[in-house]
1. Tell me, what is the 1.4 Å probe accessible area of K20, in Å² to the nearest 10?
2. Label points 7 Å out from Cα along the Cβ direction at F133 and S46: separation in nm?
3. Considering amide H positions built from the backbone, and no H for Pro or chain starts, which residues 5 or more places from N86, or on another chain, come under 5 Å of its amide H?
4. Could you give the length gained by full extension between D34 and A181, i.e. 0.36 nm per residue of separation minus their alpha carbon distance, to one decimal place?
5. Just the accessible area for D100, please: 1.4 Å probe, Å², rounded to the nearest 10?
Amino acid sequence: SIKTKKYNFNDFRLPAIQQKLKAHQIMIKYAILDSHIYAFAIRNDSVRYYRLSGTAQDTVKKVKQLTEPLDDFTEGQVDYLRVNYNLPLARELYDLLLLDVLAAHTLDKPLELIIIPDQELFKLPFESLVTGFNNHELDPGVIFSEYAAANYLIFKYPVSYGLSLFHFQKKIRPATPKRFAITAFGDPEINDHTTHSFDNIANNLTHTFFQAMPSSRVEILNIRTIFGAEKSKI
C-alpha cells in the first residue's frame, strides 16, 4: 500500500525556510485562485505577496497557448526545424508573472530565483520567458535566428524549481537519527505451506524462486561485521 503524508499547517515553519535562503535568493510561490493569481516572494529578511495583474483564467489560457507547441514537439507532431515558440507571448507572461515581483527586489548581486509553480504553471519553462528584445536582425539563412532577438530570463537570473513550500521545508529539516544503519533478512525457511500457496499461480515458481538460500546467511553475517552489532539488526 502507498502511504501519503497529510501536512498539518501547524507543522509549517516559514522562518526555518527563510534561514536557509541566502541574501541573493528569492523564493516565489504562486497560488492560482478563482479570479486572480498571487505570488508570494520570500527572502531571508522579508515576505511579501502580490496580486498579479490580469485574471487567473486569462493568464492560464496564455500559458497553455505558449506551452502547447512544446507539447507537440515532445510528441513528434511538429517540424523539428521550426519549433513555434511564441516570443511576444513569452514576454507578455514575463510581465504578468514576474515583472512586478522582481522590480521590488533589486540587488547589486544578481538574484537567484527559486520558483514554486501552481497548477498549470508547472508546465511553464520560466527560464525561457522573455524579458525584452534586442537589435539582433533576422537571418533567413540561419535556423532559429529569430530567437536570438530575445533576451531570456535565464540570461539574467539563475532559476531552479521546488514542488511546494512544505517540500522545501522537508528537504532542509535535520534528518532523524536512525537506530540501525542496516536491517537485513535472509536464509528463509521454505516449507510446503510457503510453496503451495503459489502453485496455483505458476507451477514453476516453486522450483525457480523458492529454493533454499543458505549462502544469504553467510553474506548477511559478513555484512554485520562491517557495520557492527550495535548498528545492525539481523
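1. 120
2. It is 3.3 nm.
3. Result for N86 returns nothing.
4. Full extension of this stretch gives 48.1 nm more.
5. Its heavy atoms expose roughly 90 Å² to the probe.
The values are calculated or read from the model by the stated rules, or taken from the named source; none is laboratory data. Since the structure is predicted, the reported quantities are computational estimates derived from the model, not experimental observations. Virtual Cβ from ideal backbone geometry, glycine too; neighbours counted across all protein chains shown. Ligands, DNA and RNA are excluded from the accessible area calculation, which covers all protein heavy atoms including side chains. Shrake-Rupley method; radii C 1.70, N 1.55, O 1.52, S 1.80 Å.
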